[in-house]
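Inspection log for the structure reproduced underneath, given as structure tokens.
The values are calculated or read from the model by the stated rules, or taken from the named source; none is laboratory data. The model shown is predicted, which means the values in this text are computed figures rather than measured ones. So basically every Cβ, Gly included, is an ideal-geometry build from the backbone, and we count neighbours across all protein chains shown. Calculation scope for accessible area: heavy atoms of the full protein, side chains included, ligands and nucleic acids excluded. Shrake-Rupley method; radii C 1.70, N 1.55, O 1.52, S 1.80 Å.
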Amino acid sequence: MADQAVVMAPRARGRDWRAPLARRAEGIVIPIGASAVGLAFFGLILLAMGKSPVEFYQLVFKAGFGTAFSWQNTLSRATPLLFAGLCVALPARLGLVVIGGEGAICLGGTAAAALGVALGHAPSVIGLPLMAAAGALAGAVWIGAVGALRHWRGVNETISSLLMAYIGIALMNQLVEGPLRDPASLNKPSTAPLPPALRVGDIPGMDVHWGLIVALVACVLCWVLMERTTIGFAARIAGDNVRAAQVQGLPVGRLILGFTALGGAFAGIAGFFEVTAVQGAANASLAAGYGYTGILIAFLARQNPLAVIPVALLLAGFEASSGLVQRHMDLPDATILVLKAVVFVVILVSDTLYGRFRIFTPSRWSQP
Amino acid sequence: MSRSPISRRSFLTASAGLAGATALSSLPLAARAAGKLTVGFIYVGARDDYGYNQSHAEGAAAVKKIPGVKVVEQEKVPETVAVTKTMESMINFDGATLLFPTSFGYFDPFILQLAPKYKDVRFEHCGGLWTPKDPRNVGSYFGYIDMAVYLNGICAGHATKTKKIGFVAAKPIPQVLENINCFLLGARAVDPSITCQVIFTGDWSMPVKEAEATNSLCDAGCDVITAHVDGPKVVMQTAAGRGAFICGYHANQSALAPDKYLTGAEWNWGKVYTDFVETTLKGGTIDNFVRGGLKEGFVKMSPLGPANSDAARKQFEAVKVEIMKGDYVVFKGPMKDNKGKEIIPAGKAYPETDVALESMNYLVEGVIGSTS
Amino acid sequence: MNTSDIGLWGVPLAILGGAVRVSTPFLYVSLGEVLTERSGRINLGLEGTLVFGAMAAYAVAFHSGSAWAGVAAAALCGAGFGLLHGLICSLPRVNDIAIGIALMLLGTGLAFFYGTPYVQPVAPHLPAIPFGNWSNVPQVQAALRVNVLFIAGIALALLMAWALRATRIGLMLRVVGDSTDAARAMGLRPNRIRALATAAGGAFAGVGGAYLSLFYPGSWSEGISSGQGLMAVALVIFARWSPINCFWAALLFGGAGALGPALQSVGITQGYYLFYAAPYVLTLGVLIATSSPTQATAGAPGELSITK
């Protein structure tokens, strides 16, 4: 996280008006350049296999971003990824590596669905906020517990969050196939279907549900929280050095609890939208791997909530393109997995370039 | 490179600014005008899983041989918004007008929601229960594979010495419960004292748990084992390694242990899909609700393995002849579940074609296991 | 098949058998990760290495007819992935956790890409030693069919514990792991040592994968691992970076995993999802009981980002 400090450094040194611009540009130009290198590198692999990289990238672009349908495809896949990315990114700013968002998504979805069934014929304006709150609460409790265990018992959050994820998924399965199962959900055990009033619809004119807007707003708000508030500032200090933060009298315990719970709440809301906008009930499809993808997103975004947005979109676009690549080039689904891996490794390697280019480093402009 | 005609849905209107990207797909449509039919297959797992998904992919391979038909396939599509978008992508980019989304969880809500939007496209779903209130351009088909499993049970009943047979199952859903019950009832047609132990692994593809479950069954004394998971290879290998006999499922697994393999219940989707596609090519309509069994060629039996006794072969063939006549009855009263509750009263019978069987929620007397 | 009804005795026997059968991949991956983390880096990507190792082992064993050639191939591929991680993380400012996650994607992606032709064929299995032949109970015989790799794993754990404590290489690794500056002052080259430690760790994880595909469950498929590599990495923290503890953790995890099927087989059939969660609940319980806020990072290498 030290490099973050370089990008976001106080403006003291930059008397030149171009200085802050240059520092910001570094964080944009380097990842974009790295993506290009990664794509080119994967193109070489394709060439070696006797496949046309030009055709491949045309298909990826067309299916991920090339048409209005492709954009809607990408955007609807991006929604849970945005929330899952936040679930990892927020605690990560405190130096906590939480990898168990999957469990919070499952339990958030289950809680929302269970409440929705209990509410029955409640009107949307009352029912949906309550269900969202239930989902957020379930997620917040699940990941917040990880933070609490870390602070008060010294339990490592990485392992406990992973264990809690497996336990959460088991709990969801047991509930969905046991006490909460709708007997009419024959070969796909699910909770009872939600009444239409308790379903979240699409954004007018699009095939994408409202969860996308909520997720985008959440990313922006989290960025404001991290970069523009005292709490965010305190969290970053604690993330860099816990002891320094304690010496300064910062409430480290409350920060840890708050940020893990907030991250968990977002994962829970991802579950809420999966249930209310996509599935119409809670079932095993909630464990679709979004939580694990969120780890990758958060780290690629260097824990910056705003950067989560482009990363999640890129990832969703790649996933959306898998089908066309399979169908038109006779390549297996795993091709896109390898593409993602190659591009991401190169982007992560490019972290080493920060501060190496004079053009982005105002402090070196005056040097010979 | 295959050019993909765009469907009539004018989803391009909003993408004028992206014309460069869409040049690739800007060939005029007329896919159907040329008499060419594009058929899309969607699988929930890898298409080479040596089990459920492979059985469908083999069906798709049979369709590919029909002249004038183009097949597009996509594997590992989860039961989320991804399947909606995959179906739309096949319709929009490939001009597919006949779709086979083959996993149960694709049906409700995904197919049912998408079908009204694409009225010219036919959605044929495997395993679902289409009812007249559902869209007309949706159909559901399935096979009475439980009858084939019943025949598995007959071979198992003859082969078992411990009078205990075992079943490794994924989830307690009607299709699985039906198979477990039929496996035991087939064995009980040989010897009513036989019991069947079932272990649920909780998911469709969990090789380590499936192996552990198989070992537990062998430890509990089961000496004939079958499975209902997506890829039964691990169960078959582990069971044969422990010296148990095995009955295959989804596909012919005899190559894994020829001397232990009694027989197996196999899908025969090649025939089903070829029929459906040929009906469509001739301009006909596929029925909205299609079912078939051994008689209709939807399912088939693996050739009997060398371990079967003569008595087993005789009874197997005799019962198979009866099943081939159609409307064979396995579930008839009086019948109790394994909690002692009467589930079918005396005098009541459910032939294989009875839709009521497709919502089965019990394990019959003699099955050791629980439905939740 | 000679069978006898052993009733409820089946449960402890299954736990024993399960511990021996299921623990080996956990043991190898966690030993590999101990090596890496003791040098001050974390490689979260061993899940991908495990899966690729399983595929490579199966493919090579199938083509060559020798299971051991498969194990060697898996170790080699694993070392390759480890070295890649080690070299990339030698660059300044590159985040080892993130690289690990990306390499996890790469390993599984490549394994799936090249693995499709090997799902159906049958490859030769690794041999097992029948330690249970003294008994005439087939269940005991089955539980005590112990694979050679399991025994080699125990030996490896003991060897590593000794080497870390008493050899020059072990000392070098510990110094590098605890303080980069101290290591430099001693004239060591931290990046090189870390890259080598990560490569060795990757090789171990590859062997763990070979066990999965060549012995138990003994088949290659895309679902072969179901997250065991990731869990094993987490178990290292649980084992407090001690190779011997890794062995116990792996046994505990394997044994608890056998509880679900074993209980169903003796007729305890309700709530099996919760029984299947037993290994996770148990591990979490032990973790909470043995942790304390004052010594949260006892045993942790000083340079490790994850426990900073």
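Suppose we filter the range A:15-45 for residues that are of a type outside the set (Val, Ile, Thr), farther than 16 Å from A:Phe56 by Cα, open to solvent by 60 Å² or more (accessible area, probe 1.4 Å) and in a helix (DSSP H, G or I); how many remain?
Here the count works out to 3.
Out of C:Gly70, C:Gly107, C:Gly78, which single residue is in contact with a helix residue (DSSP H, G or I) (Cβ under 9 Å, 6 or more places away or on another chain) and within 14 Å of chain A (Cβ to nearest Cβ)?
Result of the check over C:Gly70, C:Gly107, C:Gly78: C:Gly107.
Just name the residue that is least open to solvent (accessible area, probe 1.4 Å) out of those in the range A:318-368 that are over 20 Å from C:Leu105 (Cβ atoms) and of a type in the set (D, E, K, R).
A:Arg327
Step by step: first the residues of the range A:47-77, then only those that are in contact with an Asp or Glu (Cβ under 9 Å, 6 or more places away or on another chain) and hydrophobic (A, V, I, L, M, F, W, C), then the one that is most open to solvent (accessible area, probe 1.4 Å). Which residue is that?
A:Leu75
Output the residues belonging to the range B:148-158 that are open to solvent by less than 30 Å² (accessible area, probe 1.4 Å) and out of contact with any Leu (no Cβ under 6 Å at 6 or more places or on another chain).
B:Ala148, B:Val149, B:Tyr150, B:Leu151, B:Asn152, B:Gly153, B:Ile154, B:Ala156, B:Gly157
For the structure I just gave you, tell me whether C:Ala300 is open to solvent by 10 Å² or more (accessible area, probe 1.4 Å) and either assigned to a helix (DSSP H, G or I) or in contact (Cβ under 8 Å) with a residue 24 or more places away in the chain (or both).
Yes: the conditions hold for C:Ala300.
In the set A:Leu300, A:Leu313, A:Leu296, which member is more than 14 Å from chain C (Cβ to nearest Cβ), within 27 Å of A:Leu107 (Cβ to Cβ) and under 12 Å from the mean Cα position of the chain (by Cα)?
Answer to the check: A:Leu313.
Scan the range B:321-353 for residues that are charged (D, E, K, R), open to solvent by less than 40 Å² (accessible area, probe 1.4 Å) and in a strand (DSSP E or B) and jot them down.
B:Asp337
Does the range C:262-277 hold any residues that are part of a helix (DSSP H, G or I) and open to solvent by 10 Å² or more (accessible area, probe 1.4 Å), and which are they?
C:Leu263, C:Ser265, C:Tyr273, C:Leu274, C:Phe275, C:Tyr276
With respect to C:Phe253, determine if the residue is within 14 Å of the chain's Cα centre (by Cα), within 14 Å of chain B (Cβ to nearest Cβ) and modelled with pLDDT under 95.
Yes.
Hey, among the residues in the range C:230-261 that are under 18 Å from C:Glu33 (Cα atoms) and without any contact (Cβ under 8 Å) to a residue 24 or more places away in the chain, which one's most open to solvent (accessible area, probe 1.4 Å)?
That would be C:Trp248.
Restricting the search to the range B:168-219, which residues are away from chain C (no Cβ under 13 Å) and polar (S, T, N, Q)?
B:Gln175, B:Asn179, B:Asn181, B:Ser193, listed by residue number.
Would the range B:15-37 turn up any residue that is modelled with pLDDT of 90 or more and either surrounded by fewer than 16 Cβ atoms within 10 Å (Cβ to Cβ) or not in a helix (DSSP H, G or I) (or both)?
yes
Which one of these is over 23 Å from B:Gly166 (Cα atoms), within 14 Å of another protein chain (Cβ to nearest Cβ) and outside any loop (DSSP other than H, G, I, E, B): B:Ala356, B:Ala318?
Exactly one of B:Ala356, B:Ala318 is over 23 Å from B:Gly166 (Cα atoms), within 14 Å of another protein chain (Cβ to nearest Cβ) and outside any loop (DSSP other than H, G, I, E, B), namely B:Ala356.
Is it true that B:Tyr362 is closer than 30 Å to C:Gly260 by Cα, of a type in the set (Ser, Thr, Tyr) and either in a helix (DSSP H, G or I) or touching a strand residue (DSSP E or B) at 6+ places or on another chain (Cβ under 6 Å) (or both)?
So B:Tyr362 passes the test.
For the range B:79-106, what are the residues that are facing chain A (nearest Cβ under 8 Å) and within 17 Å of the chain's Cα centre (by Cα)?
B:Glu79, B:Phe104, B:Gly105, listed by residue number.
Taking C:Ala183 as the residue in question, decide whether it is crowded, with 16+ Cβ neighbours inside 10 Å and either touching a strand residue (DSSP E or B) at 6+ places or on another chain (Cβ under 8 Å) or under 19 Å from C:Ala239 (Cα atoms) (or both).
no
Looking only at the range C:112-140, filter to residues that are open to solvent by less than 60 Å² (accessible area, probe 1.4 Å), assigned to a helix (DSSP H, G or I) and in contact (Cβ under 8 Å) with a residue 24 or more places away in the chain; which one of those is farthest from B:Asn252 (Cα to Cα)?
Ranking the qualifying residues of the range C:112-140, first place goes to C:Val140.
Against the conditions (1) part of a helix (DSSP H, G or I); (2) modelled with pLDDT under 95, where does A:Gly50 fall short? Just the number, please.
For A:Gly50, the exception is condition (1).
Exactly one condition in (1) open to solvent by less than 20 Å² (accessible area, probe 1.4 Å); (2) closer than 30 Å to B:Asn361 by Cα is false for A:Ile169; which is it?
Exception for A:Ile169: condition (1).
Output yes when any residue across the range B:184-197 is under 17 Å from B:Gly221 (Cα atoms) and of a type in the set (Gly, Ala, Ser), and no when none is.
Taking every residue of the range B:184-197 in turn, at least one turns out to be under 17 Å from B:Gly221 (Cα atoms) and of a type in the set (Gly, Ala, Ser).
Out of the residues in the range C:142-158 that are open to solvent by 60 Å² or more (accessible area, probe 1.4 Å) and under 30 Å from C:Ala59 (Cα atoms), which is nearest to the other protein chains (Cβ to nearest Cβ)?
C:Arg145
Here are some conditions: (1) part of a strand (DSSP E or B); (2) among the polar types (S, T, N, Q); (3) farther than 19 Å from B:Val176 by Cα. B:Ser140 meets all but one. Which one does it not meet?
(3)
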